[in-house]
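As structure tokens, the structure follows; a few thoughts come after it.
The values are calculated or read from the model by the stated rules, or taken from the named source; none is laboratory data. Values in this document were obtained by computation on a predicted structure and should not be read as measured data. No Cβ is skipped: glycine too gets one built from the backbone with ideal geometry, and neighbour counts run over all protein chains shown. Just the protein is used for accessible areas: all its heavy atoms, side chains included, with ligands, DNA and RNA removed. Shrake-Rupley method; radii C 1.70, N 1.55, O 1.52, S 1.80 Å.
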Amino acid sequence: MGQKGTSGRAAGTTALVAVVPEAEKVVGAARERYDPAAAEGVPAHLTVLYPFLPAERIDTGGRAALGELFAGHAPFEMRFPRFGRFPDLLWLAPEPEGPVRALTAAVATRWPEAPPYGGAFGDPAPHLTVAQGQSDEVYAAVEAECVPALALLRTRIAEVRLVVFDGVRWTQDAVFPLGGAPHGGAR
């Protein structure tokens, strides 16, 4: 692994994410102000698994295995009807959460050395991070500003992306379609 960036994450850290571009219209401004990951190039997303394997361990065979795994899961529709909070985190709750949990469980079963969040949270709830490290007052203001648009926030999850942290920014490494032929490589 390389040196650590300002977030404390090491270069070569990877994650598997399902991007939710529709969320940017609703919470994008709040993410830009209050979510450090947004400044590191991470779009609004649902985390399938973080951290995944170190980048140097993900070779062509690993990408093929990920493609096969994700091809075995059908695309799905999601909505985000409410906010949730963890200590130090404001997030959108996806419904239904079952398909995201199934993707996470499939990856964690195949690569048990990469449990979600390093095993720190047991069975973490699927979520779309909006703000981190802010006061309850800031979280309440963000919720009040964004809640009216939540009823319209819907997306179709049809792929999972492998992203890699270079010490400063996250970049996309490969895309794996759900229910389709695997493909990968730099994008």
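Restricting to region 122-134, what's the tally of residues that are closer than 11 Å to PHE86 by Cα and in a loop (DSSP other than H, G, I, E, B)?
Of the residues in region 122-134, 4 are closer than 11 Å to PHE86 by Cα and in a loop (DSSP other than H, G, I, E, B).
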Query raised in the report: In this structure, is ASP59 surrounded by fewer than 20 Cβ atoms within 10 Å (Cβ to Cβ), acidic (Asp, Glu), out of contact with any Leu (no Cβ under 8 Å at 6 or more places or on another chain) and at pLDDT 95 or above?
Result: yes
**Report entry** Checklist (1) open to solvent by 50 Å² or more (accessible area, probe 1.4 Å); (2) assigned to a loop (DSSP other than H, G, I, E, B); (3) out of contact with any Leu (no Cβ under 8 Å at 6 or more places or on another chain) applied to ALA74, failing item
**Finding:** (3)
Requested in this report: Kindly provide the set of residues from region 77-101 that are open to solvent by 30 Å² or more (accessible area, probe 1.4 Å) and either in contact with a strand residue (DSSP E or B) (Cβ under 9 Å, 6 or more places away or on another chain) or more than 30 Å from LEU152 (Cβ to Cβ) (or both), ordered by number.
Outcome: GLU77, ARG79, PRO81, ARG82, ARG85, ASP88, GLU95, PRO96, GLU97, GLY98, PRO99
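Each row is one residue, and each column tells you yes or no for (1) acidic (Asp, Glu); (2) closer than 18 Å to ALA105 by Cα; (3) assigned to a loop (DSSP other than H, G, I, E, B).
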| residue | (1), (2), (3) |
| --- | --- |
| GLY8 | no, no, yes |
| VAL17 | no, yes, no |
| LYS25 | no, no, no |
| GLY41 | no, no, yes |
| PRO51 | no, yes, yes |
| LEU66 | no, yes, no |
| PHE70 | no, yes, no |
| PRO81 | no, no, no |
Query - Of residues in region 156-171 being surrounded by fewer than 17 Cβ atoms within 10 Å (Cβ to Cβ) and among the β-branched types (Val, Ile, Thr), the one nearest to GLU56 (Cα to Cα) - result: THR171
